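In what follows, a structure is listed as structure tokens, so that the remarks can point back to it.
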């Protein structure tokens, strides 16, 4: 079963959807809302969690700084409501849960890119 670390911008409704879908979820909001991105990534690696975020800085950490990760899902849904993000997460994981671990994934304009 996949485990997730949900960053602040994703929201409580999306977190609740993940929990309802049976996933092991930890929220940055509950740990330390001011946690920096490097610490988030380090925690996710230590606990083998996939980061779900709205923060493009994770791309910098992975691709420019070469930091290790066990998976990142970056949502480019800046104007989306919590319910819209939750629905997308539910659908994406139903379709791609077996393909995202260890990959940097970007969801934008109705499409998931897996790198």
_Prolate/oblate/rounded call for the chain, Cα gyration tensor, a/c under 1.5 rounded_ = rounded
*Could you put 2, 112 in order, starting from the residue whose Cβ has the fewest other Cβ atoms within 10 Å?*
112, 2
*asked:* So for the chain, averaging the separation of alpha carbon pairs under 8 Å that are six or more residues apart and normalising by length, what relative contact order in percent results?
replied: 28 percent
_Orientation-averaged projected area, Cα convex hull of the range 44-96 (nm²)_ = 4.2 nm²
*asked:* Rounded to the nearest 5, what % of DSSP beta bridges with both residues in the chain are antiparallel?
replied: 20 percent
*Pick out which of 15, 78, 65 has the largest mean-square fluctuation in a Gaussian network model of the chain, springs linking Cα atoms closer than 10 Å.*
65
*Choice from 34, 49, 76 with maximal GNM fluctuation in the chain (Cα, 10 Å cutoff)*: 34
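Quick note: the coordinates plus some simple rules give every number you see, no bench work behind them. Just so it is clear, the structure is predicted and the values come from calculations on it, not from any experiment. Ideal geometry is used to build each Cβ from the backbone, glycine not excepted, and the neighbour counts take in all protein chains shown.
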